[in-house]
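What follows is a single structure, written as structure tokens, with notes after it.
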Amino acid sequence: DVKVTQSSRYLVKRTGEKVFLECVQDMDHENMFWYRQDPGLGLRLIYFSYDVKMKEKGDIPEGYSVSREKKERFSLILESASTNQTSMYLCASSLRGNSYEQYFGPGTRLTVT
Amino acid sequence: SQQGEEDPQALSIQEGENATMNCSYKTSINNLQWYRQNSGRGLVHLILIRSNEREKHSGRLRVTLDTSKKSSSLLITASRAADTASYFCNYGQNFVFGPGTRLSVLP
């Protein structure tokens, strides 16, 4: 089974802190994704990566950056956390030739106070 | 918007009943998939239907696709309490998911 793990299930940070969310997948997938999920808004894509050191902006990249130094790991960075970044963050991965079938991690619920 | 629109937003049924939820989309597609999300968890891929298919089955799931109406439906037969979750459609090379349908199956 594909396993996508995220470093924390719950995280509480203060406004202005730099926040790192880590995601690791064990199925050698080329594609990795970061989404945020907010009530009534569904999932919105923040960034995705289709290869090591490659990244593409999604719909809402402002206030975020990403890092993919190894194929299995995709990190989301909040440079200076703000209260409007309180959300559920979901990581996903997929094969290059099958980006339709994404495998999701359990999510990190981030609260910024 | 490129997201699928799920309908209804919420659905509550008794265990053993069938649940039907719908998805409408706006562009031509090569395929469409349905995902499930249990409360507070990640999404799980359920089923993919290609544009040249009209119906697909997987266990208690039945998905239909009508490309002329740009719509799909997901039917869950003989529902169980464990089917309580949110259900999302997603189509093509599209990385946007709508608000989903929240299904509650009451024992």
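Annotations for the structure displayed:
- Positions within the range A:64-113 being open to solvent by 50 Å² or more (accessible area, probe 1.4 Å) and in contact with a Gly (Cβ under 8 Å, 6 or more places away or on another chain), in sequence order: A:E79, A:S80, A:R109
- In the range A:42-63, the residues that are open to solvent by 40 Å² or more (accessible area, probe 1.4 Å) and free of Cβ contacts under 8 Å to residues at least 12 places away in the same chain: A:E56, A:K57, A:E62
- Residues considered: B:N18, B:N22, B:N52, B:N31. Of these, the only one that is free of Cβ contacts under 8 Å to residues at least 12 places away in the same chain and farther than 20 Å from A:G107 by Cβ is B:N52.
- Selection from the range B:62-97 of residues that are open to solvent by less than 60 Å² (accessible area, probe 1.4 Å) and over 30 Å from A:R109 (Cα atoms): B:V63, B:T64, B:L65, B:D66, B:T67, B:S71, B:S72, B:S73, B:L75, B:T77, B:A78
- The set of residues in the range A:18-41 that are at negative phi, open to solvent by 70 Å² or more (accessible area, probe 1.4 Å) and of a type in the set (D, E) contains only A:D26.
- Residues of the range B:55-107 that turn out to be among the acidic types (D, E) and touching a residue at least 12 places away in the same chain (Cβ under 8 Å), as a count: 2
- Residue among B:G98, B:G42 that alone is within 23 Å of A:S93 (Cα to Cα), over 13 Å from the mean Cα position of the chain (by Cα) and modelled with pLDDT under 95: B:G42
To keep it simple, each residue is scored yes or no on (1) over 19 Å from A:M88 (Cβ atoms); (2) within 13 Å of another protein chain (Cβ to nearest Cβ); (3) under 13 Å from the mean Cα position of the chain (by Cα).
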site	(1), (2), (3)
A:L11	no, no, no
A:V24	no, no, yes
A:E30	yes, no, no
A:D38	no, yes, no
A:L45	no, yes, yes
A:G58	no, yes, yes
A:Y64	no, no, yes
A:K70	yes, no, no
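- Residue list for the range A:27-43, restricted to those being assigned to a strand (DSSP E or B) and within 16 Å of A:Q6 (Cβ to Cβ): A:M32, A:F33, A:W34, A:Y35, A:R36, A:Q37, A:L43
- Candidates B:Q33, B:Q9 - the one that is open to solvent by 70 Å² or more (accessible area, probe 1.4 Å) and not aliphatic (A, V, I, L, M): B:Q9
The values are calculated or read from the model by the stated rules, or taken from the named source; none is laboratory data. Note that the coordinates shown come from a computational prediction; the quantities given were computed from them, not determined experimentally. Backbone-built Cβ (ideal geometry, glycine too); neighbour counts: all protein chains shown. Just the protein is used for accessible areas: all its heavy atoms, side chains included, with ligands, DNA and RNA removed. Shrake-Rupley method; radii C 1.70, N 1.55, O 1.52, S 1.80 Å.
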